[in-house]
Amino acid sequence: MIKTAPSILSSDFSRFGEEIARLDRSSCDYIHVDVMDGHFVPNLTFGAPVVKAMRPFAKKVFDVHLMMDQPEKYLADFREAGADIIGIHREIRADLKDVLARIRALGARASLTFNPDTPVDGIEEFLPLVDQVLLMSVHPGFGGQSFIPAALDKGYRVRQAIRKGGHPVDLEIDGGINAETARLAREAGFNVLVAGSWLYKHPDFEAGLASLRG
Ligand code: DX5
Ligand code: ZN
């Protein structure tokens, strides 16, 4: 089953409540929430108080993607704000295994995210500790960038490792997803598709979600 995760980065920030409620009424699976700290990525969005303000407008799963240098400082805040999935980046300087364990201890699902230039070698050792692996198919920081095809081969390799390892881990892709790149991603073994600018520009949001699912 393919899951869709619209990225609210492409929504109208002045009408967050309505935008979130609209996603809740749609057939999407997750609401993808991009948190950027201006250090790990060259852009700033919002923190846990804004996620908390969004939460009453939707029942769907909040898939919170932390593009932050020190996410470990804010895990409890994001969990209390209503994050269901909390994603940290492979590239940060932290004891990743400890941070992933802390996410799970808070009752959230743990996601580990890889930038386009970060190899996925050694993924096997993380699979027992995560519920989701997210591979970026753009350099994080901004919506509307072009898909980087190298993510497909990495995805294929991570999918093989997931099959071999036997742990129930979702494989998500984020960046430059449209109907065509979604098809390639599904073929590579991704089962959770984040989509921002393409989906929000689509004249028929539900038809856009349907074409992502294939
Ligand atoms: C990029 C974010 C993405 C972004 C995707 O840093 O992590 O979630 O919103 O946007 P599109 O689909 O426009 O590439
Ligand atoms: Zn994202």
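Annotation: Cα Rg of region 81-166 relative to the compact-globule expectation 2.2 N^0.38 Å equals 1.10. Using a simple spin-label model with pseudo-atoms 7 Å out from Cα toward Cβ, F13 and R25 lie 2.5 nm apart.
Projected onto its three principal axes, the C-alpha set of region 1-130 covers 41, 34, 28 Å, listed from the longest axis down. The Cα-based radius of gyration and maximum Cα-Cα distance (Dmax) for region 150-214 are 12.5, 41 Å. With all protein chains kept in place, the per residue accessible area of the chain amounts to 44 square angstrom at a probe of 1.4 angstrom.
Of the accessible area of the chain, computed with a 1.4 Å probe over protein heavy atoms only, carbon and sulfur atoms account for 52 percent. All C-alpha pair distances within region 104-214, sorted into 5 Å bins from zero, spread as 2, 13, 23, 22, 18, 13, 7, 2, 0 percent across the bins.
Dipole of the chain (Lys/Arg Cβ +1, Asp/Glu Cβ -1, origin at the Cα centre): which of G189, L199, G166 lies farthest to the positive side? The one lying farthest along the dipole's positive direction is G166.
Note on the chain: with charges restricted to the Cβ of Lys and Arg (+1) and Asp and Glu (-1), its dipole about the Cα centre is near 440 debye. Label zone (R55, point 7 Å along Cα-to-C-beta; backbone nitrogen cut-off 17 Å) within region 109-142: 109-110.
Net charge dipole, region 14-103: roughly 240 debye, given to the nearest 20, about the Cα centre with Cβ charges of +1 for Lys and Arg and -1 for Asp and Glu. Counting only DSSP H runs of at least 4 residues, each contributing -39500 (n - 2.57), and dividing by the residue count of the chain, the helix-based mean residue ellipticity at 222 nm comes to -10000 deg cm²/dmol. Between rounded, prolate and oblate, where does region 64-108 land on the alpha carbon gyration tensor, with a ≥ b ≥ c its root eigenvalues, rounded for a/c under 1.5, else prolate if a/b exceeds b/c? Note, shape of region 64-108 comes out prolate.
The values are calculated or read from the model by the stated rules, or taken from the named source; none is laboratory data. For clarity, every value in this text was computed on a predicted model and none was experimentally measured. Counting neighbours? That spans all protein chains shown, and the Cβs are built from the backbone with ideal geometry, glycine included. Areas reflect the complete protein model, heavy atoms only, side chains present, ligands, DNA and RNA absent. Shrake-Rupley method; radii C 1.70, N 1.55, O 1.52, S 1.80 Å.
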